[in-house]
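K.L.:
Encoded as structure tokens, here's the structure I'll be asking about.
Throughout, read-outs are computed from the coordinates displayed, never taken from laboratory work. Here the structure is a predicted model, which is why all the values come from computation and not from measurement. All Cβ positions, even for glycine, are placed from backbone atoms using ideal geometry, and neighbour counts span all protein chains on display.
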Amino acid sequence: MQTYDLEADGLRGLNSALHAQKDGSNQTNWKVVNPKGSHAIAVGLDAPIEVTVTGSTGYYCGGMNQQATINVEGSAGPGVAENMMSGTVIVEGDASQYAGATGHGGLLVIKGNASSRCGISMKGIDIVVHGNIGHMSAFMAQSGNLVVLGDAGDALGDSLYEARLFVRGKVKSLGADCIEKDMRPEHLEILADLLERAGADAKPEEFTRYGSARKLYNFDIDNASAY
């Protein structure tokens, strides 16, 4: 394992070292110590490496991630896993605003709570929150899955497209064009897989599914896979 002291050696050096890793590298396991809430830790990674941050992080930790597995042993500031393409980001604590925003793929797991706008404009990412989420979550969410084991705040799924939202707890209010939908067998299968991958102790049958009423945009069933 490679150990990097962020306080002593600086952020630029860390991200440069991580960006230098490619497929086939033997430096596949990294530990970042003394993060102390620093911003932009482990952004833009593009190799199947594992990075463990031993503490809390600031803005945009794990942003634009591809292939890497990033573990945050603390809480994360705004924009964790923003625009993630693939790989996995796991936050042991809470996450601030717009976690997983615009994410195209991969899995974001938040063991605690997530603040407002979780999953805003998500474009294929899967997000599992073990706790609660704040208001305006999944705003304009285009595709992917947002799973919430706790409660959701105001205006859930406002103006969303074809993303699937699964909430086990209470929803304070639904946003424009977001409605409750039937939980079909294929949704139970998707949800069971995500819960297992996220290490979540819950049953798919305990959740309610929400989605778009398809009144705010021109929906054509023949083109459903394109949304």
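K.L.:
What are the aspartates and glutamates whose alpha-carbon lies under 15 Å from the alpha-carbon of LYS22, with same-chain residues fewer than 8 places away excluded?
P.N.:
Filter leaves ASP46, GLU50.
K.L.:
Using a Cα-Cα cut-off of under 20 Å, which lysines could be cross-linked to LYS36, ignoring same-chain neighbours fewer than 8 residues away?
P.N.:
LYS111
K.L.:
Tell me which of GLY79, PRO204, VAL129 sits at the most positive position along the dipole axis of the chain, charges placed on C-beta atoms (Lys, Arg +1; Asp, Glu -1).
P.N.:
GLY79
K.L.:
Determine the equivalent ellipsoid of the chain by diagonalising the alpha-carbon gyration tensor, then write out the semi-axes as square roots of 5 times the eigenvalues, largest first, rounded to whole Å.
P.N.:
32, 17, 15
K.L.:
For the range 1-131, what size does the Cα cloud have along each of its three principal axes, sorted from largest down, in whole Å?
P.N.:
35, 28, 21
K.L.:
LYS172: which aspartates and glutamates have alpha carbons under 12 Å from its alpha carbon, excluding same-chain residues fewer than 8 sequence positions away?
P.N.:
ASP151, ASP154
K.L.:
Given Cα pairs under 8 Å that are at least 6 residues apart, what percent is the relative contact order of the range 2-214?
P.N.:
It comes to 10 percent, rounded to a whole number.
K.L.:
With both partners inside the chain, how many of the DSSP beta bridges are antiparallel, as a percent to the nearest 5?
P.N.:
15 percent
K.L.:
Still on this structure: Dipole of the chain, Cα-centred, from +1 at each Lys and Arg C-beta and -1 at each Asp and Glu C-beta, to the nearest 20 debye?
P.N.:
300 debye
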